[in-house]
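**Student:** Following this message is one structure expressed as C-alpha cells.
The values are calculated or read from the model by the stated rules, or taken from the named source; none is laboratory data. It should be emphasised that the depicted structure is a prediction, and the values quoted were computed from it without experimental measurement. In this analysis, Cβ positions are derived from the backbone assuming ideal geometry, glycine residues included, and neighbour counts consider all displayed protein chains.
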Amino acid sequence: MGLACNYYPHCPQPKLALGITHHTDIGFITILSQDHVGGLQVVHRGHWVNVPPVLEALVVNIGDMLQVHV
C-alpha cells in the first residue's frame, strides 16, 4: 500500500505554470481538501463536470480501481 500527499499552492501567474492535462485517478481512493479556488471535475456519462467547492470540506473521490461499468 502506498500513500502520496501533494500540495499545490496558488500560482500567481497560472499561464506561466506547467501542469498536467485532464486525467482520472488510477488509484483506489483520493481525499481532497477543498478551498475557495475549486477546479475539481468528475467524469459523468462521458463528460467532464465541475464540482462546486465547499470551503474547508474533504472530498472523498473513488478512483478508477473502484469504478463500476454498467
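**Student:** Every residue in the stretch 42-65 that is in a strand (DSSP E or B), over 16 Å from residue 22 (Cα atoms) and modelled with pLDDT of 85 or more, please. Spell out how you get there, then give the answer.
**Tutor:** Quick first cut of the stretch 42-65, residues in a strand (DSSP E or B) only: 42-44, 47-50, 58-62.
So of that shortlist, the ones also over 16 Å from residue 22 (Cα atoms) come out as 58-60, 62.
If the condition is that a residue be in a strand (DSSP E or B), over 16 Å from residue 22 (Cα atoms) and modelled with pLDDT of 85 or more, then 58, 59, 60 are the ones that fit.
**Student:** Return the only residue of 54, 60, 43 being surrounded by 10 or more Cβ atoms within 10 Å (Cβ to Cβ), in contact with a strand residue (DSSP E or B) (Cβ under 9 Å, 6 or more places away or on another chain) and either farther than 23 Å from residue 7 by Cα or not basic (Lys, Arg) (or both).
**Tutor:** Working: 54 fails: in contact with a strand residue (DSSP E or B) (Cβ under 9 Å, 6 or more places away or on another chain); 60 fails: surrounded by 10 or more Cβ atoms within 10 Å (Cβ to Cβ).
43 is the lone residue from the list that is surrounded by 10 or more Cβ atoms within 10 Å (Cβ to Cβ), in contact with a strand residue (DSSP E or B) (Cβ under 9 Å, 6 or more places away or on another chain) and either farther than 23 Å from residue 7 by Cα or not basic (Lys, Arg) (or both).
**Student:** Please specify each residue of the stretch 1-25 satisfying the condition of being closer than 16 Å to residue 66 by Cα and either in contact with a strand residue (DSSP E or B) (Cβ under 7 Å, 6 or more places away or on another chain) or surrounded by 10 or more Cβ atoms within 10 Å (Cβ to Cβ) (or both).
**Tutor:** If the condition is that a residue be closer than 16 Å to residue 66 by Cα and either in contact with a strand residue (DSSP E or B) (Cβ under 7 Å, 6 or more places away or on another chain) or surrounded by 10 or more Cβ atoms within 10 Å (Cβ to Cβ) (or both), then 24, 25 are the ones that fit.
**Student:** Another question, then. Pull up the stretch 28-40, narrow it to residues that are over 12 Å from the mean Cα position of the chain (by Cα) and surrounded by 10 or more Cβ atoms within 10 Å (Cβ to Cβ), then point me to the one that is modelled with the highest pLDDT.
**Tutor:** Applying the filter and picking the extreme gives 28.
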